[in-house]
1. Within a Cβ distance under 10 Å of E20, other residues only, what is the Lys/Arg minus Asp/Glu net charge?
2. Would you kindly compute the Cα radius of gyration of segment 16-58 and its largest Cα-Cα separation (Dmax), both in Å?
3. What order do you get for 32-44, 13-25 when each peptide is scored by the mean count of other beta carbon atoms within 10 Å, highest first?
4. How long is the gain from T32 to E56 if the chain were fully straight, where each residue apart is worth 0.36 nm and the alpha carbon distance is subtracted?
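Nothing in this text is a laboratory measurement; each read-out follows from the coordinates by a stated rule. Fair warning: this is a prediction, and the values are worked out from it, not measured in the lab. Quick reminder, even Gly has a Cβ in these numbers, built from the backbone with ideal geometry, and neighbours come from all protein chains shown.
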Amino acid sequence: MAALLVVRVHLDWTAPGHYENGRSLPCRVCATNTKMRDSQGAACHQSCAEDEIARELLGAGKALIADERVPAPARSLEVAR
C-alpha cells in the first residue's frame, strides 16, 4: 500500500521587497498579474512559489531550499595549508 506524502510550504513574504505597489506583472508560474515579487524580484504569487517548492520536494529530491529569512553563511577566506 502506497503512503500519502503531504508537503506544506509557507514562505514569509512580509518584507516590503515582496510587494511592488502600482505595478502588476504576470506571475512567472501562473501568468496572472500580481504585485508580489519573489526574492529575485520576479513577479510571483506567494502561493505559486510555495506550490513550486512543494512540487520540487515531492519530485526527484534534488531541490535546494533556501530560507529567505536567514542570510547564507559567510564562506571562509582562509587558504588551506
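1. That works out to +3.
2. Reported Rg and Dmax, both Å: 10.3, 35.
3. On the way: 32-44: 15.8, 13-25: 11.5.
Going from most to least packed, we get 32-44, 13-25.
4. Working: separation 24, 0.36 × 24 = 8.64 nm, distance 2.14 nm.
Here the answer is 6.5 nm.
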